[in-house]
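For reference, the structure is listed below as C-alpha cells.
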Amino acid sequence: MSNENKPHEGHPLFHVAGIVTVVQFVLIFFFSDPKVPALFYTGWGIWIVSLVLGWLPIHTLRKKGNVPEGESYVKTKAVVDTGVYRFVRHPQYTGLMLFNVSLMLITQHWLVGVVGVISIILAYASTLQEDQALVRKFGNDYKKYMEDVPRTNVLLGIYRRLSRP
C-alpha cells in the first residue's frame, strides 16, 4: 500500500500524550493550589486560546484540504496554508500543549506540572513524526511550507506574516 493510500491513524506518541493529558485533567480535581491569581487567570486565557487552536483546524482542513466526502478532516489531499495554518503548521498539537500549560497555571500544583510537561514533550515529539509523514505524503510542497511556517510557535508565525512585504 502506498503512503498516499495508507489511512492516517495518528501517531502513537500523540495518543499517549492525549492519555497523559486526561490524567493531568483528572489530577486537577485532587490537586489544586492556585496561590498566584495572575497565573490562575493567565491559565484560563491560555485555555481559551488552546480551544481555538483545537477546533479551528477542523473547519479549515475540511474547507481547504480537498477532503473526500464522508472522510475525516485529517484525510486532506492538499497542503493547507490558509487560515490558522498560515501561522502554525500544527495548531491542534499546539493547542494540546497550551491546554497542558493552562492546567499547570490554573492549578499551580507540582504534580499537575510534571504530568503536563510529560504530555507536552510527547505532543511535540508527535509533531516531528507528523512532519515526516506529511513530507512523505506531499513532498516538496510540504517542505516549502515547512520553511515558511513554524511548527508550533504561533507568535513567530504571526510575526513572520506581519513582517512580510
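Scanning region 144-165 for residues that are surrounded by 14 or more Cβ atoms within 10 Å (Cβ to Cβ) and more than 18 Å from the chain's Cα centre (by Cα) yields one hit, Arg160.
Regarding Ser126, is this residue hydroxyl-bearing (Ser, Thr, Tyr), over 10 Å from the mean Cα position of the chain (by Cα), crowded, with 22+ Cβ neighbours inside 10 Å and within 23 Å of His15 (Cα to Cα)? Break it down stepwise before answering.
Numbers: hydroxyl-bearing (Ser, Thr, Tyr): yes; over 10 Å from the mean Cα position of the chain (by Cα): no; crowded, with 22+ Cβ neighbours inside 10 Å: yes; within 23 Å of His15 (Cα to Cα): yes.
No.
Among the residues making up region 43-80, those that are over 16 Å from Met97 (Cα atoms), of a type in the set (A, V, I, L, M) and in contact with a Ser or Thr (Cβ under 8 Å, 6 or more places away or on another chain) are Leu61, Val67, Val80.
Only residues that are in a helix (DSSP H, G or I), of a type in the set (S, T, N, Q) and closer than 30 Å to Leu27 by Cα: list them for region 116-165, please. Once the filter is applied, which keeps residues that are in a helix (DSSP H, G or I), of a type in the set (S, T, N, Q) and closer than 30 Å to Leu27 by Cα, region 116-165 yields Ser119, Ser126, Thr127, Gln129. Just one residue in the set Tyr93, Tyr73 is closer than 26 Å to Asn153 by Cβ, assigned to a loop (DSSP other than H, G, I, E, B) and within 16 Å of the chain's Cα centre (by Cα); that residue is Tyr73. One residue stands out among those in region 22-44 that are touching a residue at least 40 places away in the same chain (Cβ under 8 Å) and either of a type outside the set (A, V, I, L, M, F, W, C) or in contact with a Lys or Arg (Cβ under 6 Å, 6 or more places away or on another chain) (or both): the one that is surrounded by the fewest Cβ atoms within 10 Å (Cβ to Cβ), which is Lys35. Every listed requirement among (1) of a type in the set (S, T, N, Q); (2) surrounded by fewer than 18 Cβ atoms within 10 Å (Cβ to Cβ); (3) without any contact (Cβ under 8 Å) to a residue 24 or more places away in the chain is met by Thr76 save one, (2).
Before we move on, is Val88 surrounded by 17 or more Cβ atoms within 10 Å (Cβ to Cβ), of a type in the set (Val, Ile, Thr), at pLDDT below 95 and not in a helix (DSSP H, G or I)? Lay out the reasoning, then the answer.
Details: surrounded by 17 or more Cβ atoms within 10 Å (Cβ to Cβ): yes; of a type in the set (Val, Ile, Thr): yes; at pLDDT below 95: no; not in a helix (DSSP H, G or I): yes.
Answer is no for this residue.
Note on region 60-70: among residues that are under 24 Å from Asn153 (Cα atoms) and more than 15 Å from the chain's Cα centre (by Cα), the one that is surrounded by the fewest Cβ atoms within 10 Å (Cβ to Cβ) is Lys63.
The values are calculated or read from the model by the stated rules, or taken from the named source; none is laboratory data. It should be emphasised that the depicted structure is a prediction, and the values quoted were computed from it without experimental measurement. Here Cβ is always computed from backbone atoms with ideal geometry, including for glycine, and neighbour counts include all displayed protein chains.
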